[in-house]
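Worksheet: one structure, shown below.
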Amino acid sequence: MVWATLIRDLRKHTNGWLLIGLVGAALVLLPLLPILFSLFQAPNANWLHIQEYLLKSYIAQSLWLVLFTSGFAILVAVPLAWLIAAYDFPLRRFFRWGLMLPLAVPPYIAAYTYSTMFSYTGVVQTTLRSVGLTVSPTFGISSMPGAIFVFTLFLFPYVYVVTKSFLENQSGSYVENALLLGRSPTAIFTRIVLPLARPAVIGGVTLVVFEVLSDYGVTNYFGVQTISTAIFRTWFGMYDVDSAVRLSAWLMVGIIGLFILERMLRQNKRFSASTSKSRPLVPRRLTGAAALAAFAFSGLVFAWSFLIPLLQLGVWAAWTYADVLTPSFWQLTYRSLQLALAATAIIMVFAVVVANVYRTQANRFAQALARLITAGYSIPGAIVAVGVLVVFLEIDQQLAPLYARMGMGEAPLVLSLSLAMLLIAYVVRFMATGYNAVEAGFEKIGTRYLEVSRMLGQGITRSFFKVDLPLIRGALFSGAILTFVEIVKELPLALLLRPFNFETLATKAYQYASDEQIHQAAVPSLFIIGLSMLSVFLLDRFGKERTE
């Protein structure tokens, strides 16, 4: 019945916009299907060995990393969000946006920065020895606890931002009523704020889980055996794409299971306000020891999650910039940014098309199309890379006779060794980033202007360019910035799919770190952080201008 409804909607509303949207959905879905199909294929000897001796350990390590990181991220982010939303204390306005800055530091950069700082010759142990304190030889963070420490510090803003926004805009009436009833601040936080903010917290934690499962840089650098690192080692160590695909399939099944579990937990637990007039939360001024404690907690988290690694990278960059900033570095920077811009442009085109189809048609097929095009973001980069590689290898195999007639040999790898593969992978992975921003822009303007334009005899395309596009240019700008920065920071896709002799800023920083040239890695790392900080500043400044 559902399929019949979808087909009927497709036949009724087919137009150029829908056809382009279908191409975008196929682009996202095509690399993911071969991975799931691999579960039904006969396993090889390598996979049997992995399944018997290694798979349980990979799964256990991944689960421990996800559970502890999520728990500590909640412990850090939710109190911070409540402090910023509900109270006024010294430097609160700075911390309000400053606590988002840790997202500008990719976790793999933070991993090698803190690992070097805590090493025997690093600034921490050197300082402790200089004041006469004995340091254990095993003192360091290159371990599972170290990975949890890094992920918590640099991923908690996902929970913080969502929770803070929810509390600022939705909790005013509840908190005021509780104060009138004589509830203490502790009781308000535990009995009202936490249950009220649970959907927002779960949404933020979901993003943290996706980032942890997608990571390769931190876990590989610290020697933590997760499924993502196993995919890389199977691919590059054993040169076994089939086993890497099967590992990716198991990880994808686990992520789908997380989606189902999250839906089951939320079943019959939906809440809504008794009135549509939600009142923003008005911060109350703290004084004395309470103000000092709020400032100290916010400042400590900000220092460890952003300021300290930034200053350390700045010192290292000052030592090595003359050796790193060569013509070849500027060339790889230009190529990296050029590739990111190209992928961003493709993503924003498909995002606009699908969001407009979803807005104008509002049927089941359009809804399914919107869900399909955003599926890639919830899939770790290693899985996307494996899926894209499998598709391109199959395309090269099918085109082998054509290559032979063109004098390229019997079975050359043409498309599979090109930048096109990495470009498509970026599009699949980050389509949701651009789409969500565009969809939010369309939701804000509604359909009334479009309907007026259509009543005046204008078509959908002309109405979009003349009416809708000027109104959503802010959302387009925001989506493009977010997408561009995410692509620049992306490591697993670039490591797996980049052509020979092609580097991005992310792979260059990681290559330096892997080769124990930590100081040299500071320069490309600061380039990435600088771009991310610029995006945070522009989005914050642009958001203020739109609300004024």
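Quick notes
- Residue check for Phe271: modelled with pLDDT under 85, more than 21 Å from the chain's Cα centre (by Cα) and either under 18 Å from Val388 (Cα atoms) or of a type in the set (Lys, Arg) (or both): no
- Candidate set from segment 358-372 (those that are modelled with pLDDT under 70 and crowded, with 20+ Cβ neighbours inside 10 Å); member that is farthest from Met431 (Cα to Cα): Phe365
- Taken together, Phe430, Phe500, Phe484, Phe465 contain a single residue that is open to solvent by 60 Å² or more (accessible area, probe 1.4 Å), under 30 Å from Thr333 (Cα atoms) and among the aromatic types (Phe, Trp, Tyr), which is Phe500.
- Output for segment 237-251, where each listed residue is at pLDDT below 80 and assigned to a helix (DSSP H, G or I): Val241
- Residue check, Leu419 modelled with pLDDT of 80 or more and farther than 21 Å from Leu29 by Cα: no
- Members of segment 101-124 found to be small (Gly, Ala, Ser) and without any contact (Cβ under 8 Å) to a residue 24 or more places away in the chain, listed by number: Ser119, Gly122
- Filtering segment 280-294 for residues that are within 30 Å of Thr507 (Cα to Cα), hydroxyl-bearing (Ser, Thr, Tyr) and over 24 Å from the mean Cα position of the chain (by Cα) leaves an empty set.
- Where helices (runs of 4 or more DSSP H) fall wholly inside segment 1-44, the ranges with 1 or more residues that are at pLDDT 60 or above are 16-29, 33-37.
- Take the conditions (1) without any contact (Cβ under 8 Å) to a residue 60 or more places away in the chain; (2) under 30 Å from Ala249 (Cβ atoms); (3) not aliphatic (A, V, I, L, M); Phe94 misses just one of them, which is (2).
- Residue satisfying all of: in segment 67-81; in contact (Cβ under 8 Å) with a residue 60 or more places away in the chain and open to solvent by 20 Å² or more (accessible area, probe 1.4 Å); nearest to Val159 (Cα to Cα) among these: Ile74
- Here Ile227 fulfils each of the conditions (1) modelled with pLDDT of 80 or more; (2) open to solvent by less than 10 Å² (accessible area, probe 1.4 Å) apart from (2).
- Among the residues making up segment 300-319, those that are over 24 Å from the mean Cα position of the chain (by Cα) and either modelled with pLDDT of 95 or more or within 16 Å of Ile529 (Cβ to Cβ) (or both) are Leu300, Leu311, Gln312, Gly314, Val315, Trp316, Ala317, Ala318.
- Qualifying residue in segment 406-417 (condition: of a type in the set (Ser, Thr, Tyr) and touching a residue at least 24 places away in the same chain (Cβ under 8 Å)): yes
- Any hit, segment 514-525, residues being within 20 Å of the chain's Cα centre (by Cα), at pLDDT below 90 and under 30 Å from Leu213 (Cα atoms): no
- Here Phe329, Phe350 are screened, and the one residue that is in contact with a Pro (Cβ under 8 Å, 6 or more places away or on another chain), in a helix (DSSP H, G or I) and at pLDDT 75 or above is Phe329.
The values are calculated or read from the model by the stated rules, or taken from the named source; none is laboratory data. None of the values given here were measured: they were computed from a predicted structure. Note that each Cβ is placed from the backbone with ideal geometry, even for glycine, and that neighbours are counted across all protein chains shown. Protein only, heavy atoms only, side chains kept; ligands, DNA and RNA dropped before computing areas. Shrake-Rupley method; radii C 1.70, N 1.55, O 1.52, S 1.80 Å.
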